[in-house]
1. If Q42 passes every condition in (1) open to solvent by 50 Å² or more (accessible area, probe 1.4 Å); (2) at pLDDT 80 or above; (3) not basic (K, R) but one, which one does it miss?
2. Take the residues in the stretch 23-38 that are in contact (Cβ under 8 Å) with a residue 24 or more places away in the chain and touching a helix residue (DSSP H, G or I) at 6+ places or on another chain (Cβ under 8 Å), then tell me which one is farthest from L50 (Cα to Cα).
3. Please find, within the stretch 58-67, the residue that is farthest from the chain's Cα centre (by Cα) out of those that are open to solvent by less than 20 Å² (accessible area, probe 1.4 Å) and under 13 Å from A13 (Cβ atoms).
4. Restricting attention to the stretch 21-34, and to residues there that are out of contact with any Cys (no Cβ under 9 Å at 6 or more places or on another chain) and of a type outside the set (D, E), which single residue is surrounded by the fewest Cβ atoms within 10 Å (Cβ to Cβ)?
5. Can you tell me which residues in the stretch 35-67 are in a strand (DSSP E or B) and in contact with a Cys (Cβ under 7 Å, 6 or more places away or on another chain)?
Amino acid sequence: MQVSVDKDRCCGAGQCVMAAPDVFDQSEEDGLVLLRPGAAGQAARADLELAAGLCPAGAITVREDPRTGSGGTGGSVDA
């Protein structure tokens, strides 16, 4: 599974952190989304999809990893 964030779109609402705190964090400098490296591969897909759905700016994208075809384990993180 691949998770990507677009910091240019992020408005700092923090909904992603509430939905998947092991995957997302917020910068102390500007409050924008931070993606914890490697955490997406261990997170529940439902939590990631909830975080993406709750993001008011649409800054989070979750998609299947084309290398595994199903989300698999040990997914990639685009930052």
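The values are calculated or read from the model by the stated rules, or taken from the named source; none is laboratory data. Since the model is a prediction, treat every value here as computed from it, not as a measurement. With ideal geometry, Cβ positions are generated from the backbone for all residues, glycine too; neighbour counts draw on all protein chains shown. When the accessible area is computed, the model is the full protein with side chains, heavy atoms only, and any ligands, DNA or RNA have been set aside. Shrake-Rupley method; radii C 1.70, N 1.55, O 1.52, S 1.80 Å.
1. (2)
2. Per the criteria, the residue is V33.
3. Out of the qualifying residues, it is A59.
4. Across the stretch 21-34, the extreme among qualifying residues is S27.
5. Of everything in the stretch 35-67, just one residue is in a strand (DSSP E or B) and in contact with a Cys (Cβ under 7 Å, 6 or more places away or on another chain), namely I60.
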